[in-house]
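I have placed the structure first, in the form of structure tokens, so that the comments after it can refer back to it.
The values are calculated or read from the model by the stated rules, or taken from the named source; none is laboratory data. All figures in this text were calculated on a predicted structure; none of them were measured in a lab. Positions of Cβ are generated from backbone atoms using ideal geometry, with glycine treated the same way; all protein chains shown enter the neighbour counts.
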Amino acid sequence: MANAPIMEELKDAACQVIASGRYLHGEQTALLEQEMAMLCQVKYCIAVSNGLDALRLVIRAYKEMGVLHEGDKVIVPGNTYVASLLAVSDNGLEPCPCDVREDTMNLDTCKIEPLLTPQVKAVMPVHLYGTPCWDEQLIDIAKRYNLKIIEDNAQAVAAQASVAGLNGTKVTGSLGHATGMSFYPTKNLGALGDTGCVLTSDEQLASTVRALANYGADRRYHNIYKGLNCRIDEIQAAMLRVKLKHLGQETQRRMMIARTYNEHITNPLVTRPAIFDDMQQVWHQYVVRVKERDRFMSYLKQNGVGTDIHYATPPHRQPCYSELASCKLPVTEMLAREVVSLPIAYPISQQDAIEISNIINDFKAK
Ligand SMILES: *Cc1c(COP(=O)(O)O)cnc(C)c1O
């Protein structure tokens, strides 16, 4: 949901924070944490400065707890935003990219085992584009090799993964041992600036993250860690609490747009994303694949349709990760060449999606 339609609600909430005189560590933050923990079915939520910090704090906390150590490796998907890897390397651990599946565009859990060495201590499933990354294989590998599962749920707030055995679904962010989330303004649940949160049901991890995010203090002027300042502003917590009330509606709108595109796009030059009926995808992005991507994107631009690429350069191809340049990730690299994100953010309507689909269907081979 964009902010314009709920401007008055946002203004009221901001005014209340200004009037309260309490800008950090206040009621809004505490209530946001309760509401997020409830929504995501975890015991603890720690609201923090941004999504990258949320992931950094999880890994740093595991280091303080003696669970992870410098030099350990963390399996990450090849197809992700670079922040997933930055959180790992910032802590002196090594990201170990694993290829992704063509259908989910997420971590291919069948390809994890060949990458395992005694140094691998964790795996980071990323629910990219709003599609949950979760299966029996991942659970099984994590159990057998005693790996921590750290979810990057920056793009999939309130998505549902199917959980075998439980005969049902579980919300992303509650699946692994700990989760980092982002409330960057363009995410499905976006603040009016930078914020994020850590989710976990592990009490020790939660209290370690909370202390680390507040200079390493477990109580006032008592520093048990050489910590950081990763706090969230009360104003942002208040903005997010307003946005949370509209999240369900926003998710439904995104799902409706995705279904509309999937029904109406029939051009054989364009590969649609899979809609899986055993999970709930929340469609942070609606990503198609087109071999002639440049020509497709300029054709759409000429017809007034703006598109984007998530992501043209995978992290292991970024200059800062030259040590990973030799990774062989054929599906990730194919996606990097072919993916195009179609408009899905508010205020795109069903009618817009039908019109865009028609334009797409008129795109011809050269
Ligand atoms: C946005 C994002 C992040 C980082 O979140 P910030 O709040 O921008 O720091 C991490 N991982 C993924 C997959 C993201 O999309």
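Yes/no matrix, rows are residues, columns are (1) surrounded by fewer than 17 Cβ atoms within 10 Å (Cβ to Cβ); (2) more than 17 Å from the chain's Cα centre (by Cα); (3) not assigned by TED's automatic domain parsing to the domain that holds Ala54:
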| position | (1), (2), (3) |
| --- | --- |
| Gly173 | no, no, no |
| Thr186 | yes, no, no |
| Leu212 | no, yes, no |
| Trp283 | no, no, yes |
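How about the stretch 215-231: which of its residues are more than 16 Å from the ligand (Cβ to nearest atom) and either assigned to a loop (DSSP other than H, G, I, E, B) or in contact (Cβ under 8 Å) with a residue 24 or more places away in the chain (or both)?
Applying the first criterion (more than 16 Å from the ligand (Cβ to nearest atom)) to the stretch 215-231 yields 215-227.
Passing the criteria: Tyr215, Gly216, Arg220, Tyr221, Ile224, Tyr225, Lys226, Gly227.
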Q | Flag if Gln281 is modelled with pLDDT of 95 or more, among the polar types (S, T, N, Q) and within 16 Å of the ligand (Cβ to nearest atom) | A | yes
Q. With respect to the numbered conditions (1) over 13 Å from the mean Cα position of the chain (by Cα); (2) within 16 Å of the ligand (Cβ to nearest atom), which one is the sole condition not fulfilled by Tyr81?
A. (1)
Q: Go through (1) out of contact with any Lys or Arg (no Cβ under 8 Å at 6 or more places or on another chain); (2) surrounded by fewer than 21 Cβ atoms within 10 Å (Cβ to Cβ); (3) not assigned by TED's automatic domain parsing to the domain that holds Val209 and name the single condition Asn229 misses.
A: (3)
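Looking only at the stretch 246-271, which residues are among the basic types (Lys, Arg), farther than 16 Å from His310 by Cβ and surrounded by 16 or more Cβ atoms within 10 Å (Cβ to Cβ)? Quick ask: steps written out before the conclusion?
Looking only at the stretch 246-271, we keep the residues that are among the basic types (Lys, Arg), and these are 253-254, 259.
If we keep only those that are farther than 16 Å from His310 by Cβ as well, we get 253, 259.
Listed by number, the list holds a single entry, Arg253.
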Q. Which of the residues spanning the stretch 140-168 are within 21 Å of Thr104 (Cα to Cα), in a helix (DSSP H, G or I) and free of Cβ contacts under 8 Å to residues at least 12 places away in the same chain?
A. Asp140
Q: Output the qualifying pairs, or none if there are none: Cβ atoms under 6 angstrom, residues six or more apart or on different chains, first residue in the stretch 174-203 and over 30 Å from Asn146 (Cα atoms) and more than 10 Å from the ligand (Cβ to nearest atom), second residue modelled with pLDDT of 95 or more and in a loop (DSSP other than H, G, I, E, B).
A: Asn188/Val157; Asn188/Val282; Asn188/His284; Leu189/Val157; Leu189/Phe183
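Would you be able to tell me the number of residues in the stretch 26-40 that are under 17 Å from the mean Cα position of the chain (by Cα) and not in a helix (DSSP H, G or I)?
Step one: list which residues in the stretch 26-40 are under 17 Å from the mean Cα position of the chain (by Cα), which gives 36-37, 39-40.
Then drop every residue that is not not in a helix (DSSP H, G or I), which leaves 40.
Counting residues in the stretch 26-40 that are under 17 Å from the mean Cα position of the chain (by Cα) and not in a helix (DSSP H, G or I) gives 1.
Please enumerate the residues belonging to the stretch 284-320 that are of a type in the set (Phe, Trp, Tyr) and closer than 24 Å to Cys98 by Cβ. Don't jump to the end; show me each part of the working.
Of the residues in the stretch 284-320, the ones of a type in the set (Phe, Trp, Tyr) are 286, 296, 299, 311.
Listed by number, the list holds a single entry, Tyr311.
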Q | Close pairs (6 angstrom Cβ cut-off, 6 or more residues apart or separate chains): within 16 Å of the ligand (Cβ to nearest atom) in the stretch 110-128, among the basic types (Lys, Arg) and modelled with pLDDT of 95 or more anywhere | A | Ala122/Lys148
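Do we have any residue at all in the stretch 289-306 that's within 21 Å of the chain's Cα centre (by Cα) and not in a loop (DSSP other than H, G, I, E, B)?
At the first step, the residues of the stretch 289-306 found to be within 21 Å of the chain's Cα centre (by Cα) are 289.
From what is left, the residues that are not in a loop (DSSP other than H, G, I, E, B) are 289.
The answer is yes; a qualifying residue exists.
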